[in-house]
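The values are calculated or read from the model by the stated rules, or taken from the named source; none is laboratory data. A quick note: this is a predicted structure, and the numbers were derived from the prediction, not measured. In this analysis, Cβ positions are derived from the backbone assuming ideal geometry, glycine residues included, and neighbour counts consider all displayed protein chains. These accessible areas exclude ligands, DNA and RNA; they are computed on the full protein's heavy atoms, side chains included. Shrake-Rupley method; radii C 1.70, N 1.55, O 1.52, S 1.80 Å.
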Amino acid sequence: MEQGQQSVEQFKGQARLPKFAVPRRYELFLKPDLLACTFIGAVQITVDVIDPTRFLVLNSAELTVRDGSVSFKSHYFNQEIRPSEVVLVEEDQILVFKFDEVLPVGAGVLAIGFEGTLNDRMKGFYKSVYEHNGEKKNMAVTQFEPADARQCFPCWDEPACKASFKITLEVPSELVALSNMPVIDEKVDGSLKTLSFQESPIMSTYLVAVVIGLFDYVEALTTDGVKVRVYCQVGKSNQGKFALDVAVKTLDLYKKYFDEPYPLPKLDMVAIPDFAAGAMENYGLVTYRETALLYDERHSAAANKQRVATVVAHELAHQWFGNLVTMEWWTHLWLNEGFATWVSYLSADSLFPEWKIWTQFLDETTAGLRLDALAESHPIEVDINHANEIDEIFDSISYRKGASVIRMLQSYLGADCFQKSLALYIKRFAWANAKTEDLWAVLEEESGEPVQLIMSSWTKQKGYPVVSVKVNDDCLEFEQSQFLSSGLSGDGLWMVPITICFSSYDAQKKFLLKTKSEKLDKLDFPGSSDTGYNLLEQSNQRKGGQPWIKINVDQTGFYRVKYDDQLTAGLRYAIEAKQLSETDRYGILDDSFALCMACKQTTSSLVSLMAAYREELNYTVLSQIISMCYKLVDMIADAAPELLNETKQFLINLLLFSAEKLGWDLKDGESHLDAMLRGEILTALAVLGHEITINEAVRRFTAFLDDRNTLLLPPDTRQAAYVAVMQTVNASNKLGYESLLRVYQETDLSQEKVRILGSLACCHDSAVVLDVLNFLLTSKVRSQDVVHGLAGISREGRETAWIWLQENWDHISKTWGSGFLITRFVSSIVSPFSSDEKAKEIEAFFASRIKPSISRTLKQSLERVRNNARWIQSIKKDKDLGEVVRELAYRKY
């Protein structure tokens, strides 16, 4: 339909751009001024007019279109025509050109001249500040995902509008300028140079990238001859070597896994000092926070090394899953992020098998399960109706639940079938766009399983089930219902891949639970027909002791399990007898913790179960126990303060077995996981008030102040020492705090700064916590890093932090309000509260301040507060808790 005389009004308030014209190629020129922080640009867009139209509609935000600079030249008539109207609709971020003539169907070139500002909000085309020879300088960087290419140049800023890009930059001649493709021509003219980049293959606008600044680099080649470089600030290139090595090996690994070579001639990875996300997978030019790319042999911890490896693997997975095959619309974001998260573990496991990374993957699954147990969660596939809604879905559902359901499906279909299907999917949709259904169709074709039917129940509805299992006569009875942290029941129904292990990992069974409930007869148990042995008769002792049954073997399923008392007793025995894998030990504990928080199980039964883990040595299981310790202490402090000291004593006893084995000092030949565990366990002991640990930490910190390279405080134990030091600080003795601020200001390693920021607010004196919060808002802390300082605020500082948030909300909202970092302010400060009255007070404050970018986070945080309040009431009614805690606190092992 030709639009005739219709007005601009018809294009307002739409989720998507109209389809009557689509871009095919962009010729983009940009000239930034790094002193004035402005840029000028020009773009010539080859457009296919599909239906006759008098309008062209594309995205633009915060750009000024230069007067008289807009023209359209159709390939069918030679004269240039200019629009009679140019309208920028700010709230919809669209630019509408109205022409007096009808533009004919076919190709044409739309030319636009524009200018804009290099902003300081870490999105669009922005400035980042770095130091060179003691002098502060600006670099220019782009961050376009999800919808900010439109802040750099007018474009069809939607993932399905793929086009090729021919980019030219005019920049100061002493600087390095990078884009997605290699430079093919360079002309120097005095203090300026003009760089022309090779034309790119077709890609989405959110993957276009430009970086301009002073850098050093290290480089290597893949087996295919692809040149890989890591760019760092001048003088830091050694810190790029680890990431470079990981990148080269990972590209080779993915080439084999996806059966498709890396499609571009080069890959650059750049560390950016100011960067909102962890990293961004721009095609051929991946940008990172310094903490996610740089590794310093002397001052980075084992956890930093692992972070670099997994982030690099995640971003490089996107070069296939996301960049080569791209989601059709943001509803399918999880296809990008869930897959890249899952595949990054596959890569890390191949490069570093000693890290036991698939056991650590359970942390991803648990984060997904926690968020998805809220009534205010959302399905993996979310309808997105406006660009300002996209930021909020870059969350644990898209990344972590997404990755977890992929792992569940891979486990169900088998690794070989899964890998073949992915390679076929990549071939079929290369250089194009795909929806979730497209992937299911390929997997279904390859496996013969009803993948679409099974997986729709996991991606199109929010939440997940808890499967209740009980013994009845000689049967196992299974019943599923939606699990909610509130303890209420939801009405979802899932296709649940159930896996069962009978007293041995050699005796397993799996089936698909398709209905609300199902029975499994003993004749269906492995080995039951030939032995006549009833696994469920507790009196019937098998050699090796009590029988047990574990559901969701190795936690590959995205669901919780609630066992009856008989099955629970069997599993407790299996834990103490060391008959369960670390993943299953983790799963039993985490399910019990979640059921306890939802008031479906008593806190005293959880504490009893935790006691069975006294001799636990596995990193991932202990890391989970530590997280539980923090939450339990908080809840008991609010619900039963008279039990607080004994609770802390029990938890200290629980951790001391492994802490004493590890000690403070590195041991020759110890594992990466021991190095990570040492830091976490010593931090926990300090927070729980273990005097011996705190005193030792202070002694070592004092030595560190005299010599930053002392072997007494290597990187893995520094955060533990910093946290311990802050336990000793109060308003009248701020010495430790002042020393930490001095270390913060003297170090130029981002990872060290983050370690310190993450330790400061755990002080028990609320006046000091207020000092810390005010320090976060000074120019000494980069705005990307402030959220690290909100982690671990002490109970005593909780109310202070809430008052501070209210008093500074206007400033915070203005500074962080247009990105996802603002959600962290809300969740970090609101979620720990535990009374309905506080929830009402918080709701009242935000009633007039709500905006789309925080609305979902605020609702989720308030739900957590109300769930905490419910849990506290349950603890108050738990008659056995006092006796259990006291007995365990004073038990002599």
Cα shape, the range 645-720, gyration tensor, a/c 1.5 rule: oblate
Nearest-0.05 FRET efficiency for Glu437 and Leu777, computed from C-beta distance (R0 60 Å): 0.80
In nm, spacing of pseudo-spin labels at Glu115 and Asp665 (7 Å Cα→C-beta vector): 6.5 nm
Overall Cα dimensions of the range 539-620 - principal axes, largest extent first, Å: 37, 29, 26
In Å, descending, principal axis extents of the Cα set of the chain: 93, 67, 58
With DNA, RNA and ligands ignored, accessible area of Ser200 (1.4 Å probe; Å², nearest 10): 10 Å²
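In Å², what does the accessible area per residue of the range 135-196 work out to with a 1.4 Å probe?
32 Å²
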Share antiparallel - DSSP beta bridges, the chain, percent rounded to 5: 80 percent
Area accessible to solvent at Tyr217, 1.4 Å probe radius, in Å²: 100 Å²
Per-residue SASA entry for Arg614, accessible area with 1.4 Å probe, Å² rounded to 10: 50 Å²
Percentage relative contact order, the range 782-833, counting C-alpha pairs under 8 Å, at least six apart: 56 percent
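Please work out the FRET efficiency for the pair Lys460 and Ser581, using the Cβ-Cβ distance as r and a Förster radius of 41 Å; give the result to the nearest 0.05.
On the way: r = 32 Å, r/R0 = 0.78.
With R0 = 41 Å, the Cβ-Cβ based efficiency is 0.80.
May I ask you to list, by number, the DSSP H helices of the chain whose Cα span along the axis is at least 20 Å and whose average Kyte-Doolittle hydropathy reaches 0.5 or more?
Once both thresholds are applied, what remains is 619-639, 672-687.
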Stretch gain in nm, segment Glu615-Tyr630, where the contour uses 0.36 nm per residue and the Cα spacing is subtracted: 3.5 nm
The range 445-485 - percent of accessible surface contributed by carbon and sulfur, probe 1.4 Å: 43 percent
Distance (nanometres) between label positions extended 7 Å along Cα→Cβ at Asp100 and Ile692: 9.0 nm
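Magnitude of the Cβ-charge dipole of the range 749-893, K/R +1 and D/E -1, about the Cα centre, nearest 20 debye?
Taking the Cα centre of the range 749-893 as origin, the dipole is about 420 debye.
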Per DSSP, loop GluC sites (Glu not before Pro) in the range 285-357 with at most 12 further Cβ within 10 Å: Glu297
P(r) of the range 738-893 over all Cα-Cα pairs, binned every 10 Å from zero, in whole percent: 10, 34, 30, 17, 9, 1
Range of Cα positions in the range 200-330 per principal axis (Å), largest first: 42, 29, 25
Lys814-Ser164 pseudo-label distance in nm [points 7 Å out on the Cα-to-Cβ vector]: 4.7 nm
Gain upon complete extension [Ala36, Asp216; 0.36 nm per residue less C-alpha separation]: 62.3 nm
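Counting pairs of alpha carbon atoms under 8 Å apart in space and at least six apart in sequence, what relative contact order in percent does the range 624-687 give?
Computed over the range 624-687, the figure is 35 percent.
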Relative contact order computed over the chain (Cα-Cα under 8 Å; 6+ residues apart), in percent: 8 percent
Extended-chain gain in nm, criterion 0.36 nm per residue less alpha-carbon gap, Lys227 and Asp48: 61.0 nm
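Pick out, in residue order, every one of the trypsin sites (Lys or Arg not before Pro) in the range 704-747 that is DSSP loop and has at most 13 other C-beta atoms within 10 Å; say none if there are none.
Arg708
State which entries of Lys31/Lys127; Lys12/Lys462; Lys12/Lys162; Lys814/Lys851; Lys401/Lys460; Lys356/Lys562 exceed 19 angstrom in Cα-Cα distance in the structure shown.
On the way: Lys31/Lys127 14 Å; Lys12/Lys462 31 Å; Lys12/Lys162 23 Å; Lys814/Lys851 12 Å; Lys401/Lys460 12 Å; Lys356/Lys562 27 Å.
Violating the 19 Å limit, Cα to Cα: Lys12/Lys462; Lys12/Lys162; Lys356/Lys562.
Semi-axes of the equivalent ellipsoid of the range 71-196: what are they in whole Å, largest first, if each equals the square root of 5 times a C-alpha gyration tensor eigenvalue?
Values for the range 71-196, descending: 33, 20, 14 Å.
Per DSSP H run of at least 4 residues, take -39500 (n - 2.57); add these up for the chain, divide by its residues and hand me the 222 nm value, nearest 500 deg cm²/dmol.
Per the formula, -12500 deg cm²/dmol.
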